[in-house]
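Report on one structure; see the data block that follows.
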4 protein chains.
Amino acid sequence: MNAIARKGRRKAARPHEAAAERLFDVDCKLSYTLLDDTHFLFMVHALDGMDQKVREESLRITPTLEHEVHRDAVLGHRTLRLKAPAGPLTLRYRARVSLHRTPPDTRAQEMSIEALPHAVLPDLMPSRYCESDRLASVGFKMFGDLPPGHSRVQAVSDWIHEHIEYRTGFTDSSTTACDVFLQRAGVCRDFAHLGVAFCRALNIPARLAVGYARFDSPPPDFHAVFEAFLGGRWELFDPTGMTDPDDLVRIAVGRDASDVAFATLFGPVRTRLIRPEVEQVRARRARVRA
Amino acid sequence: MNAIARKGRRKAARPHEAAAERLFDVDCKLSYTLLDDTHFLFMVHALDGMDQKVREESLRITPTLEHEVHRDAVLGHRTLRLKAPAGPLTLRYRARVSLHRTPPDTRAQEMSIEALPHAVLPDLMPSRYCESDRLASVGFKMFGDLPPGHSRVQAVSDWIHEHIEYRTGFTDSSTTACDVFLQRAGVCRDFAHLGVAFCRALNIPARLAVGYARFDSPPPDFHAVFEAFLGGRWELFDPTGMTDPDDLVRIAVGRDASDVAFATLFGPVRTRLIRPEVEQVRARRARVRA
Amino acid sequence: MNAIARKGRRKAARPHEAAAERLFDVDCKLSYTLLDDTHFLFMVHALDGMDQKVREESLRITPTLEHEVHRDAVLGHRTLRLKAPAGPLTLRYRARVSLHRTPPDTRAQEMSIEALPHAVLPDLMPSRYCESDRLASVGFKMFGDLPPGHSRVQAVSDWIHEHIEYRTGFTDSSTTACDVFLQRAGVCRDFAHLGVAFCRALNIPARLAVGYARFDSPPPDFHAVFEAFLGGRWELFDPTGMTDPDDLVRIAVGRDASDVAFATLFGPVRTRLIRPEVEQVRARRARVRA
Amino acid sequence: MNAIARKGRRKAARPHEAAAERLFDVDCKLSYTLLDDTHFLFMVHALDGMDQKVREESLRITPTLEHEVHRDAVLGHRTLRLKAPAGPLTLRYRARVSLHRTPPDTRAQEMSIEALPHAVLPDLMPSRYCESDRLASVGFKMFGDLPPGHSRVQAVSDWIHEHIEYRTGFTDSSTTACDVFLQRAGVCRDFAHLGVAFCRALNIPARLAVGYARFDSPPPDFHAVFEAFLGGRWELFDPTGMTDPDDLVRIAVGRDASDVAFATLFGPVRTRLIRPEVEQVRARRARVRA
């Protein structure tokens, strides 16, 4: 396990440790050239729910356009819908978000099927990019004998970190967990999809979480990690090891990338800029603004 | 178009035609031999919602077991959860269900992306068994030039009926729409998955509907058809042509079979009997019982 | 059928028409930067066999390197093997080739399995990029009812021309006939692989032919077409419609691209130039040089 | 490594050990019911070549039918071709075969690409059931750091033995090495295909060898193992561990199962019996007959 991998592991909780509030500033710029009228679905709004709270936010769309922001009743993520004419389109979304993230419980147990809340059962099933049915056998052979619980999911995440190469331009939007397992290379969403698929293969509910995270290399992009349902709550894992998942400002969670793409485009578009940035607000500065 | 295909097309509405109430009796028997403790998720309850109403129902589980029936808050389908010990397990579910199904509106229009209600957007996205992303190009080439609307979805359904062979034992639970398109054979769920995938490729929200339907051959089994979102409501299509979708007693709707399997098993099980039967209640008999 | 497609069809033979000799000048330049010692297998030599005869040829390798040219005992194609050190590597192959190509026999019949010469039986079997086993059902459904013979293979070629989009950068070296059939886009080798696969699905021996051909757009590259075994000989078909296959100067034939790649590299290499050019020698000029 | 695996490893040679002649009796019965005229390609004849010699053999076809046996000029395997009418068809092939198999050279080295004889280059390339291109990355990651040579191929074979489950009825004739690697189950041909694919991924020429072998369980069937080209000759490996490859009476070698299927059928046929048996002739009995 190298230095990067350690970053990917969450820092374990000390007993009864209170989740400290931490503040993050998101600044996301997206820029496109539309070759024709195009309908967009964007997921760029920070999640206002779970262990996150949006303190302030602003959205600027250029040119000025009618748009609609829809909030999912169950999971809380927001989808921005708009139709834009041919020509340039620029979005800037800024937010200050506070995280009250409980440290990971490394002793968290897997739950038996009958104990799982009904709401998480869909997260046991195979999905477009996480064919847990096809990976059931190999997942079980590779991880089935490990002691169940948080450490087993950590082993899944560590295995992915060690055996899958981070490589841009190798996979695309139709790449699935099976492809990644075979090709042994991909980007953050591919790593996370494989983690989700292996967890489901082990009968552990799992899902994709996407959001804002800071990493030095490669250049800024939206980040994807995975969540496993352990001990009655969702625990975060980053198999790329590029971030500490405690610092992820979630945008959305979903079964896989088909649920939570940051942009879905219905029209011919050239992408010019994707720059989702996030920075933790240092204590003093935060205090001043509070 | 042969005789069977005509059955698969829904009878068009006359203007202002009232949806007549019709009654159906469901009688579903399932029988298994469990080789070990096994957790089950069953979807056998008739949907009590949309254009259906459950008038009476009973569920008998042998041996007598604790169980739980969970109703989905949004879509209304019910999931029966139970854990059973090694040995025989038998289920019998009986219900009388009334359908107030509005006749199909063959002039229903496709809706533009921006006009779609937010709730149906997930039904535009690719899913485990309906890789509409991979079939986008071919779907558009095959059906993209047809006039949009109900007739285009009917053309999709007709094409599937004419080009895919109904054949049991050829596909399995991991078969996807792409496989079916290549192999040109499958069962009702495969037909429906391909219909869903082509609709989504055309930017028409579509989903799988499973339930009780009567057909002479092959032997009784759960049925699957697909629904397309046209003119603001869900229209039913049966590309197998084996049933009139107006007679389908829905159990559930979902993105694909990963959402709405009639039985999901977590344990080693031998299936002994699957006999989901349904019969329309003739008018006189219905009156007597009412 | 558009103008391009007509080009792709071979001009039919008049009865007893003699195959005229025609001369072609090949001028092929390849240039690479090797990041380390690299072993190469090149197939750039014009085939000296079948209906082709190499009149003159020269090969210049820069830097000067030991190399070996191996001639296949059965099919006659040549493979250039060499090992080059890190740094630049340039190849220039020039040849004058005469073609005595018999015009296509559009009345050629398919042969029954028992009448096929033993040597062509391998060309009935599925191969890496031509999964005729997986396409058997669809191939038979699409073309099985057509009258057998040359016209049926032409129908396969025409179907590909009409339904597959020529698009560079969409497929890669692992793309197969099934992928092309699903994605409906590719380059010449993808078109040819699909033609091969459909023919084999119909029990017609078929193989890939690669070589030098002239087309205006896209920029110069090696070309691939397919050959079907009809009436006891191999007939050429170009489903891209970009060339008249009568003008193809063959380099090699094989079961698919895994047999006849123009370059196979065992090492880290940057490709700088691929410019395989060919030109028919006009009568007067040819006479002067002869 | 369990007892079975040890059987799968070949017994290493002592220095200068002479290959002893051993005799095997083959008795192969095949029986079919043809629903229509059917053309067959059979590969049942013991290979008369390499380290094998056919001493006596007989072939009985019932009903009596015209047939043709073709011997491959390069590899020496024989193909029986016949066309049979609707009704029963029975084959019985018997042979006494002597093997002069040189014990494996466990110190055999891998050869550099430039040192490989031209004839084995095709065995470096991906084939229908051995997609070594898609498995290149994972093969290299798994085995790339091991010391090259016989022990590395043995490590590949051992890995397959330990991680792939022998299971009939799980795979079919279109299952490839990638499928097997994902699903972790299959039969002898699947094991061998994966071995071939991994070797090619490591730039070691490899091919499938099929033939007669004795194993207690499962019931008699044709066997498949793989051969890797090491130190200038082909070494046998049986990743199923069910046989000692030294005892394999080869029928044929080829790139994969598409080259060497024991039966290829062009017609509707019901298989009634496949019983390829082989037995080593004990010394005394052999001496008497010699």
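The values are calculated or read from the model by the stated rules, or taken from the named source; none is laboratory data. Bear in mind the structure is a predicted one, so any value in this text is a computation, not a measurement. Because the Cβ atoms are built from the backbone with ideal geometry, glycine has one as well, and the counts that use them run over all protein chains shown. Side chains are part of the model used for accessible areas, which takes the heavy atoms of the whole protein and leaves out ligands, DNA and RNA. Shrake-Rupley method; radii C 1.70, N 1.55, O 1.52, S 1.80 Å.
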Report task. Please compute the Cα-Cα pair-distance distribution of chain B with 5 Å bins starting at 0, giving whole percents from short to long. Result -> 1, 5, 12, 16, 18, 17, 14, 9, 5, 2, 1, 0
Report summary line: Expressed as a whole number, the average count of other chain Cβ atoms within 10 Å around the Cβ atoms of C:72-83 is 2
Query raised in the report: Taking the Cα centre of each part, how many Å lie between region C:91-161 and region B:202-272?
Result: 41
Query - Helix D:150-163 axis, angle to chain D major axis (alpha carbon atoms, nearest 10°) - result: 70
Query raised in the report: Per residue, how many Å² of accessible area does the protein assembly as shown show with a 1.4 Å probe?
Result: 42
Report summary line: Expressed as a whole-number percentage, the relative contact order of region A:130-267 with C-alpha contacts under 8 angstrom and at least six residues apart is 24
Report summary line: For the pair B:GLU279 and D:LEU265, the simple spin-label estimate (label points 7 Å beyond Cα toward Cβ) gives in nm 4.2
Report summary line: Mean separation of Cα contacts under 8 Å (at least 6 apart) over the residue count of chain D, i.e. the relative contact order in percent, is 29
Report summary line: Share (percent) of C-alpha pair distances in region A:174-265 greater than 20 Å works out to 30
Report summary line: Rounded to a whole number, the mean other protein chain Cβ count within 10 angstrom for residues of D:178-185 is 4
**Report entry** Given C:LYS53/D:LYS53; D:LYS29/D:LYS53; C:LYS83/D:LYS141; A:LYS29/A:LYS53, the pairs whose alpha carbons are separated by over 30 Å
**Finding:** C:LYS53/D:LYS53
**Report entry** Computed [θ] at 222 nm, deg cm²/dmol, chain D (DSSP H ≥ 4; -39,500 (n - 2.57); rounded to nearest 500)
**Finding:** -5500 deg cm²/dmol
Query raised in the report: What are the residues whose amide H is under 5 Å from the amide H of C:ILE204, where those residues sit 5 or more places off or on another chain and H is modelled from the backbone?
Result: none
Query raised in the report: Can you work out the base-10 log of I(q)/I(0) for region B:16-112 at q = 0.23 1/Å, using the Debye formula on its C-alpha atoms alone?
Result: -1.19
Query - Minimum Cβ-to-axis distance in chain A for the rotation onto chain C, with residue, whole Å - result: A:ASP172, 5
Report summary line: Label points for C:GLU56 built 7 Å along Cα→Cβ; distances to same position in the other copies, nm, shortest first, come to 6.6, 8.0, 10.0
Report summary line: Placing each pseudo-label 7 Å from Cα in the direction of the beta carbon, C:PHE140 and C:GLU68 end up separated by a distance in nanometres of 4.5
Report summary line: Mean-square fluctuation maximum in Gaussian network of chain A, Cα pairs under 10 Å, restricted to A:HIS161, A:HIS77, A:HIS39, hits A:HIS39
Query raised in the report: Using a label position 7 Å from Cα in the Cα→Cβ direction, what is the ascending list of nm distances from B:ALA119 to the same site in the other copies?
Result: 1.9, 6.9, 7.2
Query raised in the report: Using only Cα atoms, what is the ratio of the radius of gyration of region B:195-245 to 2.2 N^0.38 Å?
Result: 1.21
Requested in this report: Output the direction-averaged projected area (hull surface divided by four) of the convex hull of the alpha-carbon atoms of region C:75-127, in nm².
Outcome: 7.7
Query raised in the report: How many percent of Cα pairs in region D:88-208 exceed 20 Å?
Result: 49
Query raised in the report: In peptide A:125-137, how many Cβ atoms from other protein chains are near each Cβ within 10 Å, on average?
Result: 6
Report summary line: When A and D pair up, the total accessible heavy-atom area removed from solvent (1.4 Å probe), in Å² to nearest 100, is 1300
Report task. Using a 1.4 Å probe and counting only protein heavy atoms, arrange D:LYS29, A:LYS141, B:LYS53 so the residue with the most accessible area comes first. Result -> B:LYS53, A:LYS141, D:LYS29
**Report entry** Packing-based order for C:229-237, A:189-197, B:169-177, using average beta carbon neighbours within 10 Å, highest first
**Finding:** A:189-197, C:229-237, B:169-177
Query raised in the report: Relative to the first principal axis of the alpha-carbon coordinates of chain B, what is the inclination of helix B:188-201, with its axis defined by its Cα atoms, in degrees from 0 to 90 and to the nearest 10?
Result: 40
Report summary line: D (µm²/s, integer) via Stokes-Einstein for the protein assembly as shown, Kirkwood Rh across alpha-carbon pairs, 10 °C, 1.306 mPa s: value 48
Report task. Over region B:6-157, with every protein chain in place, what whole percent of the accessible area is carbon and sulfur at 1.4 Å, could you tell me? Result -> 53
